[in-house]
Every structure is written in C-alpha cells, then in structure tokens.
1. Go through (1) farther than 19 Å from ARG60 by Cβ; (2) surrounded by 13 or more Cβ atoms within 10 Å (Cβ to Cβ); (3) β-branched (Val, Ile, Thr) one by one and return the number of the condition VAL172 breaks.
2. May I ask you to list pairs of residues, at least six apart or on different chains, whose Cβ atoms are under 7 Å apart, with the first in the range 144-163 being closer than 17 Å to PHE80 by Cβ and touching a residue at least 12 places away in the same chain (Cβ under 8 Å) and the second being β-branched (Val, Ile, Thr) and open to solvent by 40 Å² or more (accessible area, probe 1.4 Å)?
3. Mind listing just one residue for me: the one in the range 63-80 that is open to solvent by 40 Å² or more (accessible area, probe 1.4 Å) and among the small types (Gly, Ala, Ser) and, of those, farthest from GLY13 (Cα to Cα)?
4. Do you know which residues across the range 154-167 are under 15 Å from ALA112 (Cβ atoms), modelled with pLDDT of 95 or more and open to solvent by less than 70 Å² (accessible area, probe 1.4 Å)?
5. Among the residues of the range 43-60, which ones are in contact (Cβ under 8 Å) with a residue 40 or more places away in the chain and out of contact with any strand residue (DSSP E or B) (no Cβ under 6 Å at 6 or more places or on another chain)?
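The values are calculated or read from the model by the stated rules, or taken from the named source; none is laboratory data. Since this is a predicted model, take the numbers as computed values, not measurements. Cβ atoms come from the backbone with ideal geometry, glycine included; neighbour counts cover every protein chain shown. For the accessible areas, the whole protein counts, side chains as well, though only heavy atoms, and no ligand, DNA or RNA atoms are used. Shrake-Rupley method; radii C 1.70, N 1.55, O 1.52, S 1.80 Å.
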Amino acid sequence: MQVLVTGGAGYIGTHTMVELLEAGHGVICVDSLVNSSPQAVERVEHISGKTVQFYPYDVRNSAKLNDIFTAHNIDAVIHFAGHKAVGESVALPLKYYANNIDSTLVLCEVMAAHGCRNLVFSSSATVYGDPESVPLSESAPVGPTNPYGRTKLMIEEILADVNISEPGWNIVL
C-alpha cells in the first residue's frame, strides 16, 4: 500500500512513517517544514533502512499536491499537517483557521480528484476542552477552549459530513 503522510516530518508523523515502512508500506511524505526539519525524514530513513519520498510543500498548494498524487499511486492518506500551538492559536486565530481547515479541504478535493478516498485524520484531545473527568472517552462531550481545538473539531465535523454524504469515502477520525 502507498500511504501519503501529511505533516510527516513532525513528531507523530515520523513515528508513524517508521511503523508504516516496517510493515512493508510505501511512504510518501509532504511537510511544509514550518514546525519540523528535513533531518527528521532522514532519521526515519536511517532507522527503517528504507526510502521515503519527501516533498517539502504546504498541503494547501493544490497544484503541488496534485503533482504528488499524479506521481504516486496513493492508496491512503494519514493527515497530521497543521499548526498545533494552543497559545499561538489564541494570539493568531486566523492563521490557525486558514491553515488547518484549508489544508484539509484542499487535501480532500485532491484526494477525490485522484480516486483516493481512504483518510485517517489526527485530531486532538483539545476538542474536549476542560473535561469533567479523565481518562477521556470518545463519547465525552466536546467543548474546545481555544482556536486550535476549534479547528480540530471543525475538521472532524467536515470529515464526518463527507464520510456520510459522499459515497466511497473511508474516513477514520
């Protein structure tokens, strides 16, 4: 299976890529390198002994994303890309809404255009806000308290709508 990992040069993305490579999957990584470095991808290759096709692009760039899908027969996408600092999201909410939501919309549009409808979305516990009790379950009430958490919840809702309304999608939140 060929898997595209967005935000793959980040902490969770690199660990995911190692596991995918060790399971025998082909890995394509796209990461804008805003919060990461290309050395992270090099470390994945060193640890796994396998090559990662790496593209230093912003997921919101639909032309570049189309090029990636055209160059590779991508079967599934794991979507980690996005800004992630709670404090910064409070100071710069529009930056977070534009990046996190737009990247997901562009990604889904490009995926659909290329017939790839298998998506795993990495959300965040911040969608639950200040929980009444821990540990949390996915049935706990949501109530994010910052723009970052709200972007994650909005994306969950968008993807749930797509999963229900558009045939053929297999979206895991």
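1. Here VAL172 meets the rest and fails (2).
2. TYR148/VAL86; LEU153/VAL142
3. Step one: filter the range 63-80 for residues open to solvent by 40 Å² or more (accessible area, probe 1.4 Å), giving 63-64, 66-67, 70-71, 73, 75, 80.
Remaining after also requiring among the small types (Gly, Ala, Ser): 63, 71.
Values: ALA63: 23, ALA71: 21 Å.
Ranking the candidates gives ALA63 first.
4. ILE158, LEU159, VAL162
5. Within the range 43-60, ASP58, ARG60 meet the criteria.
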